[in-house]
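A short worksheet on the structure shown next.
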Amino acid sequence: MHRRTLLTLIVLIAVVALSACGPKEQPFECTDEWGCATFTEGQNIKIAYVGPMTGDYSAFGIDISRGATLAVAEHPTVKGRDIELVIEDTQGSPEQGAAVANKLAADSQVVAVAGHTFSGSTIAAIPIYEEAHIVMMSPSTTLANLPELGPNVYNRVAFSDKLQGEMAADYMYNALGVRSVVGIHDGGAYGQGLVEGMAGAFEEMGGTVLGIEAVTPGETDYSAPLAAVAELNPELVYWGGYDADAAVLVSQMAGAGLQNAMFFGCDGSYGTNYIELAGPAAEGTYSTYVPIPPSEAFEEFKVAYEEEFGDPQGKLSPFSPHGHDSTAILIAAIEEVAIEHGGSVIIPRKALADTVRGTTGFGGLTGTLNCSGGDCAAASPVFMVVENGVWVEAPGQ
């Protein structure tokens, strides 16, 4: 080969090689105050649902996790990375709630939590998520001061107990004409806070709270505390807790001498499960309900729910739409802040938390959600009564 030809060929090869390499992409610099979660090819973006999947309150956790599962099915990827729903069981206890939170905080692929489900578990978990910078969107925790405990990470699509307690007191006093009540709760943060909130509002209206009793959840015999309540002769017993215990209480009221007292539950005791457990004793009892506005999306959700899980939506609890919406908001926020760089997807954690907290005009199954200080609920509660074995809207609202 001629020397000049050989030299030309070498130069051409060098030019082609340089062109192929091109300028090197600069490493990504995370400037987010809380740091960034990085997902390389094959790594899933994890959202955790945390609630009671076993034990006495598993119906709530199973139902809400199903709503979350359907939300992920609707939006399974973000910028080419799969969304993975990690389901963790608290059995409804604060101790297990803290243990699960620590487990999730140690997983760098977890960027958000659709939970927790119970307020006691949430109180135990919030400091852990605050330190780990993991944003939360709870489907169902209603304790009034939770946003104050988690000012950076905690949000919810459920309304607060303060609102529920005040509205229940108003309905009992003005619509039902009740002037004396006894509150019973299960000793948990949710039940106790709800009863105390109702009691304060009821007394401000001029009513009399004859007493507040705590019972041990999960028992099959509440005859002793009910007999003590019967001695106070209340017009109404107000319950703060969940459906299984409510069913036991209402079934044993007549035998304890409370056959003339009304029973008024809360959103934790509402649902077909309560009616099935209480049987005829449920007739004429009241409860709080979180209405889901009619929509084509909700009708499609109900069809998808039954097709996927075999149960009609609403059988286990009324909260599967809230599980859907809490998860859907998190996915939408992840989509908004996620950055593609060098084959990776990067999620800045503080930007994600701020985006979740700043949610406005989000069209969810539970209504149009707008967040203010962590409270994002679309609906206010209504009150229901059991008539002929089914829940119907109570009169006078």
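The values are calculated or read from the model by the stated rules, or taken from the named source; none is laboratory data. Keep in mind the model is a prediction, meaning the values are calculated, not measured. Note: ideal-geometry Cβ built from the backbone for every residue, glycine included; neighbour counts use all protein chains shown.
Annotations
- Options 342, 361, 374; residue that is under 30 Å from residue 30 (Cα atoms) and at pLDDT below 95: 342
- Complete set of residues in region 217-237 that are part of a loop (DSSP other than H, G, I, E, B), buried (at least 20 other Cβ atoms within 10 Å of the Cβ) and under 30 Å from the mean Cα position of the chain (by Cα): 222
- Identity of the residue in region 263-300, among the aromatic types (Phe, Trp, Tyr) and not in a loop (DSSP other than H, G, I, E, B), that ends up nearest to residue 193 (Cα to Cα): 264
- Selection count where residues are surrounded by 24 or more Cβ atoms within 10 Å (Cβ to Cβ) and at pLDDT 95 or above, scope region 258-268: 3
- Those residues of region 76-126 which are crowded, with 18+ Cβ neighbours inside 10 Å, over 18 Å from residue 137 (Cα atoms) and among the charged types (D, E, K, R), in sequence order: 81
- Boolean, residue 308 is touching a residue at least 40 places away in the same chain (Cβ under 8 Å), touching a Leu at 6+ places or on another chain (Cβ under 8 Å) and among the acidic types (Asp, Glu): yes
- When residue 325 is tested against (1) under 22 Å from residue 63 (Cβ atoms); (2) outside any loop (DSSP other than H, G, I, E, B); (3) outside the structural domain of residue 116 (by TED's automatic domain parsing); (4) touching a residue at least 60 places away in the same chain (Cβ under 8 Å), exactly one condition is not met: (3).
- Condition check for residue 122: in the same structural domain as residue 47 (by TED's automatic domain parsing) and touching a Lys or Arg at 6+ places or on another chain (Cβ under 7 Å): no
- Verdict on residue 350 being basic (Lys, Arg), over 30 Å from residue 276 (Cβ atoms) and in a helix (DSSP H, G or I): yes
- One residue stands out among those in region 359-387 that are on the phi > 0 side of the Ramachandran plot and in contact (Cβ under 8 Å) with a residue 60 or more places away in the chain: the one that is nearest to the chain's Cα centre (by Cα), which is 374.
- Taking residues in region 66-84 that are at negative phi, and partners anywhere that are assigned to a loop (DSSP other than H, G, I, E, B) and modelled with pLDDT of 95 or more, the pairs with Cβ atoms closer than 6 Å and at least 6 places apart or on different chains are 78/338; 82/44; 83/76; 84/44.
- Flag if residue 348 is closer than 21 Å to residue 79 by Cα and of a type outside the set (D, E, K, R): yes
- Here the condition is being outside the structural domain of residue 118 (by TED's automatic domain parsing) and within 27 Å of residue 314 (Cβ to Cβ); of 272, 208, 216, it holds for 272 alone.
- Looking across 246, 214, one residue alone is buried (at least 18 other Cβ atoms within 10 Å of the Cβ), closer than 23 Å to residue 55 by Cα and aliphatic (A, V, I, L, M). It is 246.
- Single residue of region 46-65 satisfying the filter (outside any strand (DSSP E or B) and surrounded by fewer than 24 Cβ atoms within 10 Å (Cβ to Cβ)) that is modelled with the lowest pLDDT: 56
- Residue tally, condition β-branched (Val, Ile, Thr) and surrounded by 24 or more Cβ atoms within 10 Å (Cβ to Cβ), over region 332-346: 1
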